[in-house]
Amino acid sequence: MIYPHIIAHRCGGALTPENTLAGLRLAKRLGCRGVEFDAMLAADGVPVLIHDETLERTTSGRGRVADASSAELARLDAGGRHHPAFAVEPVPTLDEALRLCAALGLWANVEIKPAAGQEAETGRVVARHAAAAQGKLMLSSFSSAALCAAVREAAQLPRALLVEAIPLDWRQRMAEAGALALHSSARALTVEVMAEVREAGFPLACYTVNRRDDAERLFAMGVSAVFTDRPDLWLSSEM
Ligand code: G3P
Ligand code: MG
């Protein structure tokens with residue numbers, strides 16, 4: 001599987017509000033080939049881009065994402081907390097984000113980010129929307145239940161198992177989810193585990209790497225790609 005080397009984290013990294021269409025546009029302008037974002041279900045079952053289960057940190061709303069309809073979420077300001085210049089940015093739907101990625105030619109890692117108790121439903125719905133999109137993408141999730149539901153809905157979509165530290169049973173968990181790749185925290189990665197993953201032939205992408213020297217150390221170990229909040233640190237020819 002061919003990964004973009006440098007993947008903008010939460011759409012455009014730290015330079016724009018996370019999980020917004022403005023982030024996707026900036027990632028493209030910086031020369032990124034790939035982006036990552038988080039998809040969760042609104043109260044009406046529509047998948048939207050947001051990281052937290054609650055609205056307060058990133059939007060003008062209050063309460064749980066799972067209690068707000070997609071129409072209510074679209075009226076919120078998801079950019080002003082980052083900077084007033086972004087105050088018109090809504091919470092995008094997954095469909096809007098995937099359409100924009102396809103139009104911009106961006107590869108997308110759709111991270112299935114279920115609210116507690118909605119793992120299988122979120123995996124199923126996100127996979128259905130992703131399968132209907134035109135662009136190049138892969139699914140990932142910390143939730144094995146979400147990934148397994150995604151397999152049942154759209155087995156043809158490539159999937160990555162997403163973990164913090166790579167667990168001892170990583171092979172079994174990847175096999176259960178039919179995963180082709182591993183995504184792990186850069187912090188917990190050891191040379192020994194990296195060697196095991198390489199030997200097994202699986203690509204490994206690491207989050208969240210915000211310094212070039214750290215990324216270069218990881219690439220030298222055999223890491224295929226890094227998720228970064230600072231895609232501006234690279235030239236487009238390096239991505
Ligand atoms: O998918 C990689 C990374 O986004 C996982 O962490 O918390 O930023 O979604 P988080
Ligand atoms: Mg994420």
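In a fully extended conformation the segment linking A103 and M221 would gain 39.1 nm over its present Cα-Cα distance, using 0.36 nm per residue. Only one residue of H5, P47, A87 has its Cα farthest out toward the positive end of the dipole of the stretch 1-87, where Lys and Arg carry +1 and Asp and Glu -1 on Cβ, and that residue is H5. Peptides 214-223, 46-55 ranked from most to least packed, by the mean per-residue count of other Cβ atoms within 10 Å: 46-55, 214-223. Near E89: Cβ cut-off under 15 Å, other residues only, Lys/Arg at +1 and Asp/Glu at -1. The net charge is +2. Extension gain for A43-A188 works out to 48.7 nm (0.36 nm per residue, less the C-alpha to C-alpha distance).
Computed from the C-beta positions of Q156 and V88 and an R0 of 41 Å, the FRET efficiency is 0.65 to the nearest 0.05.
For the chain, the antiparallel share of DSSP beta bridges with both residues in that region comes to about 15%. Comparing Cα centroids, the stretch 53-118 and the stretch 1-49 end up 10 angstrom apart. Over the chain, Cα pairs under 8 Å with separation of 6+ residues give a relative contact order of 20 percent. The residues of the chain have, on average, 44 Å² of accessible surface per residue, using a 1.4 Å probe with all protein chains present. Ignoring ligands, DNA and RNA, what percent of the 1.4 Å accessible area of the chain is carbon and sulfur? On the chain, the fraction of accessible area on carbon and sulfur atoms equals 52 percent. Here the gap between E96 and E196, fully extended at 0.36 nm per residue and compared with their Cα-Cα distance, gives a gain of 32.2 nm. Summed over qualifying helices (DSSP H, 4 residues or more, each -39500 (n - 2.57)) and divided by its residue number, the chain shows a 222 nm mean residue ellipticity of -9500 deg cm²/dmol.
Dipole size of the chain about its Cα centre, with +1 on Lys/Arg Cβ and -1 on Asp/Glu Cβ: approximately 480 debye, rounded to the nearest 20.
The values are calculated or read from the model by the stated rules, or taken from the named source; none is laboratory data. All of these numbers come straight from a predicted model, not from anything done at the bench. Cβ: placed from backbone, ideal geometry, glycine included. Neighbour counts: every protein chain shown. Ligands, DNA and RNA are stripped out before the accessible areas are found, and what is left, the full protein with its side chains, is counted by its heavy atoms. Shrake-Rupley method; radii C 1.70, N 1.55, O 1.52, S 1.80 Å.
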